[in-house]
Amino acid sequence: MSKSDTYTRWAVLASGEGGGRIASTLFSRTENPGIDDRVLVMNTNRTDIANTIDRIERNTIDIQDIRADHTLEFGPLDGVGNYFPGGEQCAEIDEDRISEKIEAGGIDQSDAFLYMTTLGGGTGNGSVPYIIRSLKENPPTEAMGDVVHVALAAWPYDFEGGQRHFNAVCGLSRLLRWYDGTQNADMVMLVSNSHISNDDELNAPNEDKYESVNRNAIAAMDMMIGAGRQTHSVVDVSDLVTWPSRLDSYHFTPGIAMGQPSVFELDLLFEKAADNVFVPMDPTTSKVVYAVVRAPEHLIESGEYTEADLEMSLQQWLDDNGMDEVVHQMPTLTPTQRQDDSIDVLLLFGGFDLEPLLEQSRPKFEQIMEEATEHGLSTNIDTPTEEFTADQFRTIQQNLNDYLTGNRR
């Protein structure tokens, strides 16, 4: 099929300090294909928003436009600390303001929303699952009823405190399933700070600690977004979420191999991408695998890369790794205007075994869960509404256990 100008229009909603850091990395690029200016950075704390704006300003973006059109301070509190129920409650209180900002900023003219948050804190981790649920159940416009909701969620470092890992497990559960046990986000894209940070960054100042994490996350999302913008057979994100939802296994993580020489065989490049996944996991436990290959346009036009070749190579690689029954679609071939002959490969692994990711967090989670259900979580802020109940914490725990049990079948 010839190239098409039809493409998926994405919007980015970043909440919390960590989400703002990821968004500022997104803004550092010279262009945002598929996103344009449909970006909203949100926080309950005005200082954190100011810090995000400062990071964006350093990347030569018009500061006035960012401040006026692309930021929102929500909720009655100046920050919620690490108390994720406070972030959720702030989003609930300002649900109408959030919807109005989405409409006013033209973000509602989108086909897919990419939410950016870190799972260790309170604001983003608390608000993003609620906002997804709110927009799915009560879309501000009729057109938004068909929006696909994708969450990019960063897991805390292994060395971080128990509260952050408790928050992360609760955030993952609420992104996957709402309190009533039904599916929440259409796709949850997981990134582990410890897994993709290099050793030098672990000892770096806080501002620099997340550089490679955010850079890698944006590189992967760029390829995924670009795949639905201009390809030799246009792929819409709605195609990517259909089978995982049917399988009830819609958590994903990327694996990338960037800037690879075109002389390498594709199966080797798939192997490289599988070796560079963003969370600790075994790719062979995946239920779904999607592939995106980005190659110079002249190599595609010359026939050196074709979708048929990609499909055969991917199927062979899956067969060689005992993954012949994995759900996959025709790989996406995306052209680029670069002059060299290097290519980029993205593999999206879905429905994999989550235990390697959870094993560091589970003991901390279980300890705090016991305290939370018996005594309530201690916090040094006044939550805007009533305290989370023990039953709500138990529901979060049970929903995740149910998802994990179903995913192992």
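Return a yes/no flag: does the stretch 17-27 have any residue that is at pLDDT 75 or above, outside any helix (DSSP H, G or I) and buried (at least 20 other Cβ atoms within 10 Å of the Cβ). Scanning the stretch 17-27 turns up no residue that is at pLDDT 75 or above, outside any helix (DSSP H, G or I) and buried (at least 20 other Cβ atoms within 10 Å of the Cβ). Condition check for GLY86 on (1) in a helix (DSSP H, G or I); (2) more than 15 Å from ARG133 (Cβ to Cβ); (3) open to solvent by 50 Å² or more (accessible area, probe 1.4 Å); (4) not aromatic (Phe, Trp, Tyr): one failure, at (3).
Scan the helices (runs of 4 or more DSSP H) fully inside the stretch 247-351 and keep the ones with 2 or more residues being touching a residue at least 40 places away in the same chain (Cβ under 8 Å) and open to solvent by 60 Å² or more (accessible area, probe 1.4 Å). Walk me through how you get there before you give the answer.
Working: elements: 266-274, 297-301, 307-320.
Hits in the stretch 247-351: 266-274, 307-320.
Screening LEU119 on (1) under 19 Å from SER249 (Cα atoms); (2) in contact with a strand residue (DSSP E or B) (Cβ under 7 Å, 6 or more places away or on another chain); (3) buried (at least 24 other Cβ atoms within 10 Å of the Cβ) shows it passes everything except condition (1).
Working only within the stretch 133-172, note down all residues that are in contact with a helix residue (DSSP H, G or I) (Cβ under 9 Å, 6 or more places away or on another chain), farther than 22 Å from SER361 by Cβ and part of a helix (DSSP H, G or I). Working first, answer last.
As a first pass, look at the stretch 133-172 and keep what is in contact with a helix residue (DSSP H, G or I) (Cβ under 9 Å, 6 or more places away or on another chain): 133-136, 138-141, 144-172.
If we keep only those that are farther than 22 Å from SER361 by Cβ as well, we get 133-136, 138-141, 144-150.
Hits for the stretch 133-172 are ARG133, SER134, LEU135, LYS136, MET144, GLY145, ASP146.
If only one of LEU152, LEU172, LEU119, LEU190 is in contact with a Cys (Cβ under 9 Å, 6 or more places away or on another chain) and aliphatic (A, V, I, L, M), which one is it? Of LEU152, LEU172, LEU119, LEU190, the one residue that is in contact with a Cys (Cβ under 9 Å, 6 or more places away or on another chain) and aliphatic (A, V, I, L, M) is LEU119. Screening the candidates ALA11, ALA50 for the property of being closer than 19 Å to ILE102 by Cβ and either at pLDDT 85 or above or of a type outside the set (Phe, Trp, Tyr) (or both) yields one hit, ALA11. Only residues that are open to solvent by less than 60 Å² (accessible area, probe 1.4 Å) and modelled with pLDDT of 90 or more were counted across the stretch 384-400, and they come to 5.
The values are calculated or read from the model by the stated rules, or taken from the named source; none is laboratory data. Computed from a predicted structure; not experimentally measured. So basically every Cβ, Gly included, is an ideal-geometry build from the backbone, and we count neighbours across all protein chains shown. Remember, those area values only see protein heavy atoms, side chains included, never the ligands or the DNA or RNA. Shrake-Rupley method; radii C 1.70, N 1.55, O 1.52, S 1.80 Å.
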